[in-house]
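Below is one structure, written out as structure tokens, with a few remarks after it.
Coordinate-derived values only; no laboratory data. Note that this is a predicted model, so its numbers are computed, not measured.
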Amino acid sequence: MKGLVARIVVFGIVIGIVQVTFVSQFPVAGGTADLAPLAVMSIGLLCGGLVGASFGFGLGLFLDVSLLQTLGVTSLILVGIGYFAGRLRDGIADTESSLVPLLAGAAATVTMSVSYSIIQFLLDVSAPVSGVLLRQLLATLILNTLLALPVYAIARRWLSRSLPQQPRGRRRQSSSAALSPLQQGLRTQGSRRTSIS
Amino acid sequence: MYDSKTVRRRRVVLGLLVACSLILLTASFGGDGGAVGSVQRGFSEVLNPVQEGASRALKPVRDLFAWFGDTFTAKGKLADVTAERDQLRQEVLKSQDAQSENELLRRQLNLNQSLGIGAYGPVGARVFAQSSTVWYATVKIDKGSSDGLRDGMPVLDENGLVGTVSQTTRSASVVTLITDHTSGVSGRTIVGRVPGIVLPSSAGNPGSLTFSLTGGGRIAVGDRVVTRGTIESKYPSLFPEGLPIGTVTTVDNPGSDTQEVKLRPFADLRRLDEVQVLTKVPGAES
């Protein structure tokens with residue numbers, strides 16, 4: 001467990017530093033990618049809602065502190081993203097599908113952009129809004145969707161040794177646990193017949 | 001799948017994290033954040049060397065990507081740049097005439113107003129971090145209060161005005177760019193000396209500024225806008241006179257009261273690397 005926490009902390013620090021020192025300074029098609037929601041989504045999908053939310057809080061705090069921004073804004077949003085990514089992991093049958101991190105990454109990016117905008121308006125940040133902002137947010141969404149799979153793959157690879165259960169194992173276990181003893185017996189008989197024939 | 005105890009614990013932790021976020025937000029919103037702000041600056045101080053090192057290490061990769069991007073866009077800009085060069089060539093000839101005439105007149109009036117940037121105590125700095133949200137146009141530089149930087153000092157790069165120092169720690173500072181929603185710079189056109197305030201066009205738009213005229217005057221596309229400097233000694237401006245800000249790109253309803261003027265900043269605010277902070281300006285904190 002300590003190993004997992006240490007690896008998650010290292011992952012968060014690396015993502016935070018790469019975001020502010022490299023990704024934010026590298027515009028593509030008028031927008032920049034945002035690795036924070038992707039990283040939180042990945043941790044939520046791999047480790048569950050509790051770890052995802054805690055990781056989101058920590059990463060948000062790291063980003064706000066390092067850029068001397070208003071504390072708590074990024075944390076608040078990333079806590080929600082991490083928690084719901086974990087809930088998504090609990091609710092879906094096949095976490096191995098590459099579509100899951102792709103769609104979850106896009107959803108996390110949209111959530112991040114929309115929530116951040118709403119909070120800014122609530123905090124009375126009087127920035128004029130134009131089509132350029134929407135274009136930038138769209139560019140960020142596209143970039144993040146493209147980066148969702150690589151970020152998830154890196155996170156999974158980095159945490160694979162420390163995770164108590166791999167997603168595939170968890171899926172099999174949970175599907176068999178859902179069966180009643182009678183159903184499990186029938187299933188065993190069926191598999192025996194298949195092996196005899 | 002989970003027992004009720006696990007679900008309850010999960011919800012309690014989620015609630016605690018949300019509550020912590022809201023408390024932090026309330027404590028640090030507005031002003032300098034008080035005690036929370038001090039703690040934030042302390043942590044930032046610790047993080048600065050790590051971020052700076054990472055920025056230096058990643059610079060070659062960033063430059064490589066930027067080179068590919070620049071190569072693609074350069075081809076498309078060739079025709080525009082050629083036309084601009086021809087226009088500038090004519091303007092240089094005119095300005096050379098004007099300059100020689102000006103020097104003659106200055107000598108005659110025994111005036112010495114040839115203050116360059118050197119008189120404002122420039123301190124070179126490097127950008128090593130940038131805000132990752134479109135709502136804040138801020139960058140972080142590797143010089144802080146120990147180098148003589150204070151809030152309000154103007155920052156420029158080799159092309160023109162970039163912004164002002166908005167927060168300082170001992171070893172680093174946050175620069176609020178002229179495209180941030182909190183920014184406003186008093187400016188004037190070079191031709192005609194039409195005064196106005198340079199404001200951001202919209203959130204997350206580093207390539208455009210709005211020039212809001214404070215008086216009447218006619219402005220044309222291609223006019224250059226510079227800082228206006230101090231008009232009354234009672235209210236000293238943060239920006240010395242004549243710092244280049246940008247070029248007029250569009251003028252809607254020219255000459256009317258509702259004319260709307262857009263500028264393209266001279267400085268490429270998307271890719272800032274080396275900047276200079278003017279430490280000896282009348283309006284900055286001492």
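Whole angstrom only: what separates the Cα centroid of segment A:12-41 from the Cα centroid of segment B:1-72?
So the two Cα centres are separated by 12 Å.
Report, in deg cm²/dmol and to the nearest 500, the calculated mean residue ellipticity at 222 nm for chain B, where each DSSP H run with n ≥ 4 adds -39500 (n - 2.57) and the sum is divided by the residue count.
Per the formula, -13000 deg cm²/dmol.
If you take the square roots of the eigenvalues of the alpha-carbon gyration tensor of segment A:48-127 and sort them as a ≥ b ≥ c, do you get rounded (a/c under 1.5), prolate (a/b over b/c) or oblate?
prolate
For chain B, find the longest principal axis of its Cα atoms and tell me its angle to the long axis of helix B:34-109, 0 to 90°, nearest 10.
10
Quick one: Karplus J couplings for segment B:256-261, per residue in order, coefficients 6.51, -1.76, 1.60, θ = phi - 60°, nearest Hz, x for Gly and Pro?
Going residue by residue, I get 8, 5, 9, 5, 10, 10 Hz, with x marking Gly and Pro.
Calculate the length of the line joining the C-alpha centroid of segment A:79-123 to that of segment B:243-268, in whole Å.
Value for the Cα centre distance between the two parts: 40 Å.
Whole-Hz ³J(HN,Hα) for each residue in segment B:120-130, computed from phi via Karplus 6.51 cos²θ - 1.76 cosθ + 1.60 with θ = phi - 60°, x for glycine and proline: what do you get?
9, x, x, 10, x, 8, 10, 7, 10, 8, 9
Can you tell me the orientation of helix B:4-28 relative to chain B, as the angle in degrees between its alpha-carbon axis and the longest Cα principal axis, to the nearest 10?
For B:4-28 against chain B, the angle is about 30 degrees.
Got the relative contact order for segment B:151-286 handy, in percent, Cα pairs under 8 Å and 6 or more residues apart?
27
Please label the shape of chain B as rounded, prolate or oblate, based on the square roots a ≥ b ≥ c of the eigenvalues of the alpha-carbon gyration tensor (a/c under 1.5 means rounded; beyond that, a/b larger than b/c means prolate, else oblate).
prolate
Quick one: Karplus J couplings for segment B:188-200, per residue in order, coefficients 6.51, -1.76, 1.60, θ = phi - 60°, nearest Hz, x for Gly and Pro?
Result, rounded to whole Hz: 8, 7, 6, 7, x, 6, 6, x, x, 10, 8, 10, x.
Taking chain B, how many lysine pairs are there with alpha carbons less than 20 Å apart, if each pair must be eight or more places apart or span two chains?
For chain B, qualifying lysine pairs total 5.
Could you give the length gained by full extension between B:ARG85 and B:ARG270, i.e. 0.36 nm per residue of separation minus their alpha carbon distance, to one decimal place?
64.3 nm
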